[in-house]
Amino acid sequence: MKPISRRAALTIGSAGLAGTVVGGTGLWRELSTSVLDPVAGELFTEPEVLRSAGGLLEVRLEAALGKHEVAGREATTLGYNGGVPGPTLRLRPGDTLRVELVNRLDRVTNLHVHGLHVSPEGNGDNVFVAVEPGRAHRYEYRLPDNHPPGAYWYHPHHHGTVADQVFGGLYGAIIVEDDEELRVDRERVMVVSDITLDSGGSLVSPSTMEQMMGREGELVLVNGAAKPDLKGRSGERERWRIINACTARYLALRLPEQRARVVGRDVGRLPRDTALDDVVLAPGNRLDLVVDLSEGGSELTAMPVDRGGMMGQMMGGGPRPGGSGPVTLARLSVSASGNRAVGEIPAGPAVRDLRDDDVDGRRSITFQMGMGGMMGGGDSPMSFTFDGEEFDADRIDQQVGMDTVEEWTIGNDSPMDHPFHLHVWPMQLLEVDGRELSEPVWLDVVNVPARSQVKVRVAFEDFGGRTVYHCHILDHEDRGMMGTVLAS
Ligand code: C2O
Ligand code: CU
Ligand code: CU
């Protein structure tokens, strides 16, 4: 039996829902049959790599709509410097990164360096900056000498346009190198994204309903390609940095028949490596994976993730995103070699643990969805908020003291999962739904399951200033699920 596609399911579902919820105002996009036919199986490639030298990396990033190679075809998408994804930036702790962002789009944009522990003020990682069409802005980010290594990324962050611009193709990787390199035969950076293109290669906008659930693209790409081919030899050790740059899609990755161990998540290394199956990447999350190749093949596969449904409480069901069946992201073929034995994965450096610290403050912040949203031109039958308040750039929602440790309880009153993202200061995840973690895990995006809560601790240090936290389902962020935090 041919599995039903998510879009088909949406369309079928609309018959029963339209009258009740939205009065049939065209919230459901027509079933489109003309979706771009991807060219799969091309050799795995990576974007251009730009490396710092002498403590400095200077980059010019031009954001534009244009012809880009996507899924092996010529498509008309957004991109930085003519590519999807944009260039990979490689930095070391202590470096300075200077970016001149040039806006060749017809809408306002800006730049955010997701996960970097840098100042949110002035021309730093300031999401309140607006770069108008035809204008440029010079950003400068100074990484502290003890900046945690890991895979980070950059993307636009102008409230109200983020989902469209990321979905359209604006993202790229940032790697902060380890002090002590993990020895591997090959390192690969994989930016995973999703997009919907019509048969002519043009972007398709999602319906209001898809946006409310968090849009998931028809095509899931690795470095802009459809199911690229990775080649290696048995006995080789590879390190894969996987970035979930999807607008709303969660990734539960599998790599059957191969030994794949997670050695790091968003921020730094893990105290102990864990199984790939134990980790789900919410939008914005990253994975640092060590893969020991054995002869044969495998497919990097994203399993469906049930992230709840918007209509849960009202309809007793309704369409649910993320459930459309496994998606193959890449194919791996491993040829035989001398079968050199690979050793154990060396342990990373000691990991900081805030559970031993005194807590200076506790607060709770809760994801809420309600009827009638004001954002997005008032077309939204649902509101997306923290504690009932839609984003207001001029309001301060949380005020914290510098050099304090706080414990935050992030609640979720709604029937779907929301990934909580805090800028500038990483979060140590303590507890999910009442279950305590046994080891320190540092993240900058923490999934908060539907009707549940998580606890995190944050050390507000090194940088003060005002920045944001938000849902990393970017459609929700654009609709108001964002708040501000001032550290001073
Ligand atoms: Cu990746 Cu505030 O975002
Ligand atoms: Cu971010
Ligand atoms: Cu959300």
Pull out a ≥ b ≥ c, the square roots of the eigenvalues of the alpha-carbon gyration tensor of segment 186-335, then state rounded if a/c is under 1.5, prolate if not and a/b is larger than b/c, and oblate in the remaining case. prolate
Here the FRET efficiency for S199 versus A130, based on Cβ atoms and R0 = 45 Å and rounded to 0.05, is 0.80
According to a simple spin-label model (label point 7 Å from Cα along Cα-to-Cβ), what is the distance in nm between D145 and S34? 6.1
Using the basic label-point model (7 angstrom from Cα toward the beta carbon), what is the E181 to E48 distance in nanometres? 2.4
Packing-ranked peptide list from 474-481, 216-223, highest mean Cβ count within 10 angstrom first, is 474-481, 216-223
So what's the back-of-envelope 222 nm ellipticity for the chain, counting only DSSP H runs of four-plus at -39500 (n - 2.57) apiece and dividing by all residues, rounded to 500? -1500 deg cm²/dmol
Just want the answer: with Cβ charges of +1 for Lys and Arg and -1 for Asp and Glu, which residue in Y80, V327, V400 is farthest toward the dipole's positive end in the chain? V327
Return the sequence-ordered ³J(HN,Hα) values of segment 62-75 in whole Hz as given by the Karplus equation 6.51 cos²θ - 1.76 cosθ + 1.60 applied to θ = phi - 60°, using x for Gly and Pro. 10, 8, 8, 8, x, 7, 10, 7, 9, 6, x, 10, 7, 10
Rough spin-label spacing in nm, given labels placed 7 Å along Cα→Cβ, for R355 and L56: 4.5
Stretched out fully, how many nm does the piece from E100 to S452 gain, at 0.36 nm a residue minus the Cα gap? 122.6 nm
How big is the charge dipole of the chain about its Cα centre, in debye rounded to the nearest 20, if each Lys and Arg gets +1 on its Cβ and each Asp and Glu gets -1 on its Cβ? 1180
Can you work out the Karplus-derived ³J(HN,Hα) for every residue in segment 199-211? Use 6.51 cos²θ - 1.76 cosθ + 1.60 with θ = phi - 60°, whole Hz, and x for glycine or proline. 5, x, x, 9, 5, 10, 7, x, 6, 4, 5, 4, 5
Relative contact order as a percentage, the chain, C-alpha pairs under 8 Å and 6+ apart, gives 14
Give a residue-ordered list of calculated ³J(HN,Hα) values for segment 453-470 (Karplus: 6.51 cos²θ - 1.76 cosθ + 1.60, θ = phi - 60°; whole Hz; x for Gly, Pro). 8, 10, 10, 10, 10, 9, 9, 7, 9, 6, 10, x, x, 10, 8, 10, 10, 6
Name the residue from H470, P415, V446 whose Cα lies farthest towards the positive end of the charge dipole of segment 400-488, charges +1 on Cβ of Lys and Arg and -1 on Cβ of Asp and Glu. P415
Amide H of G115: which non-local residues (sequence gap of 5 or more, or other chain) have their own amide H closer than 5 Å, using H built in the peptide plane? V424
For segment 186-335, what is the charge dipole size about the Cα centre, in debye to the nearest 20, if Lys and Arg each add +1 at the Cβ and Asp and Glu each add -1 at the Cβ? 400
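In terms of the ratio Rg/(2.2 N^0.38 Å) built on C-alpha atoms, what value belongs to the chain? Don't skip to the answer; put the middle values down first.
On the way: Rg = 21.5 Å, N = 488, 2.2 N^0.38 = 23.1 Å.
The chain yields a ratio of 0.93.
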Once you charge only the Cβ atoms, +1 for Lys and Arg and -1 for Asp and Glu, what is the size of the charge dipole of segment 49-176 about its Cα centre, to the nearest 20 debye? 220
Can you tell me how segment 122-278 classifies by the Cα gyration tensor, rounded, prolate or oblate, using a/c under 1.5 as the rounded cut? oblate
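Read-outs throughout are calculated quantities, based only on the coordinates presented, and are distinct from any laboratory measurement. All of these numbers come straight from a predicted model, not from anything done at the bench. With ideal geometry, Cβ positions are generated from the backbone for all residues, glycine too; neighbour counts draw on all protein chains shown.
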